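The values are calculated or read from the model by the stated rules, or taken from the named source; none is laboratory data. Everything numeric in this text was worked out from a predicted model, so none of it was measured. All Cβ positions, even for glycine, are placed from backbone atoms using ideal geometry, and neighbour counts span all protein chains on display.
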């Protein structure tokens, strides 16, 4: 019996060969300025109110990364929306620099700021002690000075941001207002960082060790 060739449409071949999306590499801004890491249609939606000068936030970011970002977000099952809760001028400066990297660079900048917090944050404190008059300066001047002293501005330049781009980000009043508005718009029950909501439900204060089993119970993997 002669062998009959079966032709598969080119579209089907392309779809079959298309790799699965690595959602851990996706970060998109929301209309209100927050950033969503991962699949915006993920069935499990985690919202974090965080601060770059909060040590508990850094602990969560660093401890959760291998599983939360490396597995749960990457698979498309979980998304993480990060909302800024600005606590001080150094926090504002770090947020401006992270967002200055744009959607393609925000994720890496965000991770770097938390990963190196123990190095740069003490430097900003030392600067404040040596310059007690800093509190009398405009908020953005304070934020810029702390970032220069902490070395974060230099770190972002090393990641490809030009001095002109950094100057423009600190001068962007609309963007600064968008960042600070997240703090003003936070629900009344958000009183500390990090604060988490899971599918719209406020979670008890907890670190990654307590939040991971909650996510697992929802089907995260």
- Which of the residues belonging to the range 172-193 are assigned to a helix (DSSP H, G or I) and touching a residue at least 24 places away in the same chain (Cβ under 8 Å)? 175, 176, 178, 179, 180, 181, 182, 183
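Have a look at 193, 153 and point out the one that is at pLDDT 95 or above, in contact with a strand residue (DSSP E or B) (Cβ under 7 Å, 6 or more places away or on another chain) and closer than 25 Å to residue 128 by Cβ. Explain how you work it out, then say what you get.
Details: 153 fails: in contact with a strand residue (DSSP E or B) (Cβ under 7 Å, 6 or more places away or on another chain).
Only one candidate passes the filter, namely 193.
Can you tell me which residue within the range 68-79, out of those that are buried (at least 23 other Cβ atoms within 10 Å of the Cβ) and in contact with a helix residue (DSSP H, G or I) (Cβ under 6 Å, 6 or more places away or on another chain), is nearest to residue 115 (Cα to Cα)? Full working, then the answer.
First pass over the range 68-79, keeping only residues buried (at least 23 other Cβ atoms within 10 Å of the Cβ): 68, 72-73, 78.
Restricting the remaining residues to those that are in contact with a helix residue (DSSP H, G or I) (Cβ under 6 Å, 6 or more places away or on another chain) gives 73, 78.
Working: 73: 19, 78: 22 Å.
The selected residue is 73.
Results for (1) under 13 Å from the mean Cα position of the chain (by Cα); (2) farther than 18 Å from residue 212 by Cβ; (3) exposed (fewer than 15 other Cβ atoms within 10 Å of the Cβ), shown as yes or no for each residue.
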{"site": "66", "(1), (2), (3)": "no, no, yes"}
{"site": "106", "(1), (2), (3)": "yes, yes, no"}
{"site": "120", "(1), (2), (3)": "no, yes, no"}
{"site": "127", "(1), (2), (3)": "no, yes, no"}
{"site": "134", "(1), (2), (3)": "no, yes, no"}
{"site": "138", "(1), (2), (3)": "no, yes, yes"}
- Condition broken by residue 220, with the remaining ones in (1) under 20 Å from residue 98 (Cβ atoms); (2) in contact with a helix residue (DSSP H, G or I) (Cβ under 6 Å, 6 or more places away or on another chain); (3) buried (at least 17 other Cβ atoms within 10 Å of the Cβ) satisfied: (1)
- Give me the pairs, please: first residue somewhere in the range 24-45 and at pLDDT 95 or above, second residue anywhere and in a helix (DSSP H, G or I), beta-carbon distance under 6 Å, and either six or more positions apart or on two chains. 35/106; 37/73; 38/23; 38/73; 39/23
